[in-house]
Amino acid sequence: MNTDQQQLTSIDSVTLEVDDPEASARFYDGAFGLGERLRLGPSDASTSGFRGFTMSLIVGQPTDVVHLFDAAVAAGATVLKPAEKSLWGFGGVVQAPDGTIWQMACEAKKDTGPATHRIENVVLLIGADDVSASKRFYSERGLSVAKSIGGYVDFAMPGSPIGFGLYKRRALAKTVGVSADGAGSHRVEINGNAAAFVDPDGFAWAPTP
């Protein structure tokens with residue numbers, strides 16, 4: 001572990017770089033209401049195809065998935081995968097008007113009570129070209145691995161407003177129903193409690209504003 005730099009332990013917010021911050025703010029306020037966990041900044045950086053990351057909203061039961069999914073579509077999102085039951089639970093995928101891909105999911109396959117409309121966790125997943133190399137990179141910056149299975153890594157970040165994991169780029173793209181091809185800017189900045197750096201896949205991290 002590199003002790004010459006402040007250790008990374010938390011993601012306080014994610015800044016999406018968008019063409020029209022006001023329009024994006026209207027979408028996110030209407031669809032998800034994530035408050036200070038989501039920031040928006042103007043950008044005209046060139047980008048095309050898959051940007052190499054997804055955001056996940058984890059909830060308690062299918063009715064809460066459907067609530068978020070329907071709210072996002074009503075606000076202008078494009079459906080990539082419908083909200084439905086799967087082998088691992090229940091979920092759906094949409095693409096926001098700004099191009100960010102959002103997964104809504106729960107482990108439960110059946111409702112066990114009234115809808116709460118509560119988002120239990122927000123998770124950033126980065127599609128890494130070399131998961132092992134990226135895993136070492138983040139471990140050297142202070143993150144502990146909670147789970148590592150095949151090409152998937154989940155980092156332990158107790159108390160962090162946003163969870164964080166790695167997945168093989170092509171596998172992540174397949175999971176959300178898009179081609180893995182993409183070029184240009186990721187159009188995202190990750191705001192944590194450590195000094196600024198850029199990871200092996202070109203994702204920029206900065207201290208929380």
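Pairs are defined by a Cβ separation below 9 Å, a sequence spacing of at least 6 or placement on different chains, a first member in the range 124-137 that is touching a residue at least 24 places away in the same chain (Cβ under 8 Å) and within 16 Å of S10 (Cα to Cα), and a second member that is charged (D, E, K, R) and buried (at least 18 other Cβ atoms within 10 Å of the Cβ); the pairs so defined are I126/R169; I126/D201.
Scanning the range 122-166 for residues that are within 17 Å of I190 (Cβ to Cβ) and β-branched (V, I, T) returns V122, V123, I126, V153, I162. Of all positions in the range 42-64, at least one carries a residue that is under 16 Å from F27 (Cβ atoms), modelled with pLDDT of 95 or more and in contact with a Pro (Cβ under 8 Å, 6 or more places away or on another chain). Flag not set for V79, criterion: modelled with pLDDT of 95 or more, surrounded by 20 or more Cβ atoms within 10 Å (Cβ to Cβ) and part of a strand (DSSP E or B). All conditions but one from (1) surrounded by 17 or more Cβ atoms within 10 Å (Cβ to Cβ); (2) of a type in the set (A, V, I, L, M, F, W, C); (3) touching a Ser or Thr at 6+ places or on another chain (Cβ under 8 Å); (4) under 27 Å from K174 (Cβ atoms) apply to L40; the one that does not is (4). Only residues that are outside any loop (DSSP other than H, G, I, E, B), within 16 Å of the chain's Cα centre (by Cα) and of a type in the set (G, A, S) were counted across the range 155-187, and they come to 5.
So that you can scan it fast, the table gives a plain yes or no per residue for (1) in contact with a strand residue (DSSP E or B) (Cβ under 9 Å, 6 or more places away or on another chain); (2) under 27 Å from D44 (Cβ atoms):
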position	(1), (2)
A74	no, no
D98	yes, yes
K109	yes, no
R118	no, no
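Annotation note: of A74, A45, A115, the sole residue that is assigned to a loop (DSSP other than H, G, I, E, B), among the hydrophobic types (A, V, I, L, M, F, W, C) and exposed (fewer than 13 other Cβ atoms within 10 Å of the Cβ) is A45.
Taken over the range 82-96, the criterion of being surrounded by 17 or more Cβ atoms within 10 Å (Cβ to Cβ) and of a type outside the set (V, I, T) is satisfied by A83, F90, G91, G92, Q95, A96. The number of residues in the range 140-154 being surrounded by 15 or more Cβ atoms within 10 Å (Cβ to Cβ) and either in a strand (DSSP E or B) or not hydrophobic (A, V, I, L, M, F, W, C) (or both) comes to 7. Summed over the range 192-209, residues that are over 19 Å from D98 (Cα atoms) and either part of a strand (DSSP E or B) or of a type in the set (D, E) (or both) total 8.
Selection of the range 78-98 for residues being of a type in the set (V, I, T) and free of Cβ contacts under 8 Å to residues at least 60 places away in the same chain yields T78, V79, V94.
Within the range 48-66, being crowded, with 17+ Cβ neighbours inside 10 Å, more than 15 Å from T15 (Cα to Cα) and either over 15 Å from the mean Cα position of the chain (by Cα) or among the aliphatic types (A, V, I, L, M) (or both) holds for L57, I58, V59, G60, Q61, P62, T63, D64, V65, V66.
When L124 is tested against (1) assigned to a strand (DSSP E or B); (2) over 18 Å from F197 (Cα atoms); (3) of a type outside the set (S, T, N, Q), exactly one condition is not met: (2).
The values are calculated or read from the model by the stated rules, or taken from the named source; none is laboratory data. Please read all numbers here as calculations on a predicted model, not as lab measurements. When we count neighbours, we look across all protein chains shown, and the Cβ atoms used for this are built from the backbone with ideal geometry, even at glycine.
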